[in-house]
Amino acid sequence: MRWRRWSFSQVKWLVEVPRMKASRISSAADPSKRYLDALLEGNEEVASAAVTSMLAEGASISEIYVELLTPAMARMGELWRKRKVDVAQQKLATEITLGQMDKLRSLGVAKQKSPHRALVCCIKGELHSTGARMTADLFRLEGWTVDFLGPDVPTEAIVAMVTNRRPQILALSVTMKSNLKHVRGLLEALRKLDLPPKVLIGGQATGTLTRWKIRDLDLNVAPNLMDGLNFALSAFRSEPPKTDLQQYLREIGLRIRELRTRTGHTQAQLAQIAGLNRAYIVSVERGKQNISMGVIIKIANALGVAAEHLLVT
């Protein structure tokens, strides 16, 4: 995918960066933590500054969605379920994030037009649509035609849209376990169609879905946003991907980011332990750094794993 690269001066017109204390906008600060703190404080200006910081570093829109917005909103959801934030704080965080998505969407440059169509929506009773909207945006940036229906879509309406629009992928979001009964009903209705689409389900309530077996239906559960997108792209790729250096570096970067997240380290903390700087870790995790074996060993030691765990075989 080709992405337009924006310097800080180019995006300044789009996202106003307020004059804040240096500690709040320091380039050494971890943008993901800064963004989450901004959501907790209800501070839209600081949230915008975190997004702008990543744009200025050359991050793509998909990287900002996956590395910044998605983890922060997932954390807000966890805090809401634990009653550590109230409904008003959760709604404000959602609106701030939707605002950032609107701005990022205006910067996106889709790759070559794809012949494929995706239908993206939330199951009946599901009111949390931010993750589904992110999925729709990423499909569009891949050149797909996307029908986004939003939250709380009745089962019969989804079936009718599938019948009329004939999407290759139906992407569903479900975050509340109480809505799984509606998922089951929809899947049973879809399997009766002559040409049902591949079904991709994501969201925080999908843990038990991995055990579901629906006859005559291609059902896939995505544990996260990028896994879902990658499944769709690989399922409809016209030719097998070629292995090259950039793909190898991206795979290493993904493994490092996954292990870092699992151990609870920020990018800045990992950089300090490994004797590197945060900008280098950012570049490595995005697959944009031709990393040496010596650095792989440093990062592996910092993460407490053998270097072999980071290598792609």
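Using only the Cα atoms of the range 29-159, build the gyration tensor, take square roots of its eigenvalues as a ≥ b ≥ c, and label the shape rounded, prolate or oblate: rounded if a/c is under 1.5, else prolate if a/b is larger than b/c, else oblate. Taking the square roots of the gyration eigenvalues as a ≥ b ≥ c, the range 29-159 is oblate. In a simple Cβ point-charge model (Lys, Arg +1; Asp, Glu -1; nothing else charged), the range 102-227 has a dipole of about 140 debye relative to its Cα centre. Each principal axis of the Cα cloud of the range 117-235 was evaluated for its coordinate range; sorted largest first, these ranges are 32, 30, 24 Å.
Read-outs throughout are calculated quantities, based only on the coordinates presented, and are distinct from any laboratory measurement. If you're wondering where the values come from, they're calculated on a predicted model, not measured in any experiment. Reconstructed Cβ throughout: ideal geometry from the backbone, glycine too, with neighbour counts over all protein chains shown.
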